[in-house]
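The values are calculated or read from the model by the stated rules, or taken from the named source; none is laboratory data. Everything numeric here is computed off the predicted structure, so don't read it as measured data. Quick note on the areas: whole protein, heavy atoms, side chains included, nothing else; ligands and nucleic acids left out. Shrake-Rupley method; radii C 1.70, N 1.55, O 1.52, S 1.80 Å.
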Amino acid sequence: MAASGRALGAPGGGPLGEHQGGGAVLDALAWALGRERTTALAGRLGAASVAVLVPLAARTPQDAVVERVLTAAEQRLEGAWRVLAGVSDPESGMIGAAARLDEAGMIAEAAVSLLARDGCAEGGPSQDGTVADRAARQDAARSGSARSGSARRRCFRAQDVRLRGLLAMLRGDERVQMFARAELGSVLDVERHEDRELLTQFLACGGNKSLLAQRIHLSRPALYGRLARLERRLGVSLDDPESRTSLHVALLIAEVEGC
């Protein structure tokens, strides 16, 4: 099984710099794998990323093993880092598993992006429910018991990161970047931060203006005026479902690309 781990610095977690993160996590994973009485091929991918090939016996519950290893690794790191893993489907041979490392890495990157959004890093609900709540339900189904809302997800697969995972795999593609720029235009400019936030909130509300007005504590006339100005800048109607879909994808691209 191929897995790619990403380390996220925990606030106040300690003096480790990001350049040390990958090495520290690699050491912690080696220790945790030893506790599981298994060996693995592992190496650093970057400042805070590692790649791991884990041999598993037939019918072994893969996600359960990964979760135990990551939990033990975090304990070893004493709260200085949080460790997430993108996991690919198992392969019978080492060559096939190694070929899936890129896929696992993309999943891990997408998971980091998802959990960083809207304060989800500690397991809170995301706006579209793609990871935090759905993953918790999946965990509960696997374990046969309910998980608390504060339970922290560590292991992710392609179906957990969904559209954002696809966009992470396409990161750096000039055609994808061109699409986002064409859709969002000046909304991507730093000085248009309020427009971008308004559009993000509008789309998170599913285009429901009444709900948006309540969420951002703005009167309806004031909100309608801001949305009308935003429509003029974008050159599209926000009442059009296809336009909202395109804009939502464009915003996700901008997030994944770090724009």
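Residues with amide H under 5 Å of W81's amide H, sequence separation 5 or more or different chain, H placed in the peptide plane at 1.01 Å from N; which?
A10
Any chance you could check the Cα centroid distance between the range 150-211 and the range 24-41 for me, in angstrom?
Value for the Cα centre distance between the two parts: 35 Å.
Heavy-atom accessible area of S113 with all protein chains present, probe 1.4 Å, nearest 10 Å²?
30
Keeping every protein chain in place, order W81, W31 by accessible area at 1.4 Å, biggest value first, i.e. largest first.
Result of the area sort, largest leading: W31, W81.
Considering only protein heavy atoms, what is the solvent-accessible area of F179 at a probe of 1.4 Å, reported in Å² to the nearest 10?
Looks like 80 Å² after rounding.
As a test of reading the structure, rank M178, M169, M106 by solvent-accessible area (1.4 Å probe, protein chains only), most first.
M178, M169, M106
Considering only protein heavy atoms, with the full assembly of protein chains and a 1.4 angstrom probe, order S246, S92 by accessible area, largest first.
S92, S246
Could you work out the relative contact order of the range 157-259, using alpha carbon pairs under 8 angstrom and six or more residues apart, expressed as a whole percent?
43
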